[in-house]
1. Given an 8 Å cut-off on Cα distances and at least 6 residues of separation, report the relative contact order of region 12-138 as a percent.
2. Whenever you get a sec, compute what percent of the accessible area on the chain sits on carbon and sulfur atoms (1.4 Å probe).
3. Please work out the C-alpha center-to-center distance from region 87-111 to region 1-69 and express it in whole Å.
4. Accessible area per residue of region 1-80 at 1.4 Å probe, in Å²?
5. Could you check which residue among PRO98, PRO71, PRO82 shows the biggest mean-square fluctuation in a GNM of the chain with a 10 Å Cα cutoff?
6. For a test of the definition: using alpha carbon positions, the gyration tensor, and the 1.5 limit on a/c, classify region 1-55 as rounded, prolate or oblate.
7. Take the chain, connect every pair of alpha-carbon atoms lying under 10 Å apart with a spring to form a Gaussian network, then pick out the residue of SER35, SER48, SER92 with the largest mean-square fluctuation.
8. Near ASP67, within a Cβ-to-Cβ distance under 13 Å, what is the net charge of the other residues, with Lys and Arg +1 and Asp and Glu -1?
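The values are calculated or read from the model by the stated rules, or taken from the named source; none is laboratory data. This structure is a prediction, so every number in the text was calculated from the model and none was measured. So basically every Cβ, Gly included, is an ideal-geometry build from the backbone, and we count neighbours across all protein chains shown. Accessible surface is based on the protein model in full, side chains and every heavy atom, while ligands, DNA and RNA are left aside. Shrake-Rupley method; radii C 1.70, N 1.55, O 1.52, S 1.80 Å.
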Amino acid sequence: MGASLSACLWEYFGDDVFRGRRVISAAKWNGCQLSHMVIPQLKVCALSQEPTRDLLKVDKASLLATDLNIPQAWGLVIQTHPAKFDAIKFTSRFIDLPCLARFDRGGMAARLRATTLGNLKDLDVAVDWIDEREAALV
């Protein structure tokens, strides 16, 4: 759970941590839960793979841009592509780990099996992540 949780925390809170003040909204943090999900087979656009990026003529740097308009624009292109992908596999902008963003289409939510593991504020591994970043909840 360590590496995958770290990737999730970086993707959701990384911009907050790097805004210069190392602060995360306590309401945002306290409103989050960690879940384990079993996901059915998906049709995935693997932007994390160089051949896919080459085919789409997108460079990796644009997907790692701090200006979120750029990676979000690519995400929208994939989401609205005629191939009707169920998800995008990409590399985290913060750490070199794969991430998956799934789209809610075709009754996907009904096919997921999720088990809530707890609130972030109550999970030692999540609290340790905050401490290691020397971030404050405000």
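1. Contact order relative to length: 40 percent.
2. That fraction is 53 percent.
3. 9
4. 62
5. PRO82
6. Values: a/c = 3.03, a/b = 1.52, b/c = 1.99.
It comes out oblate by the Cα gyration axes.
7. Highest fluctuation among the options: SER35.
8. Residues near ASP67 contribute 0 overall.
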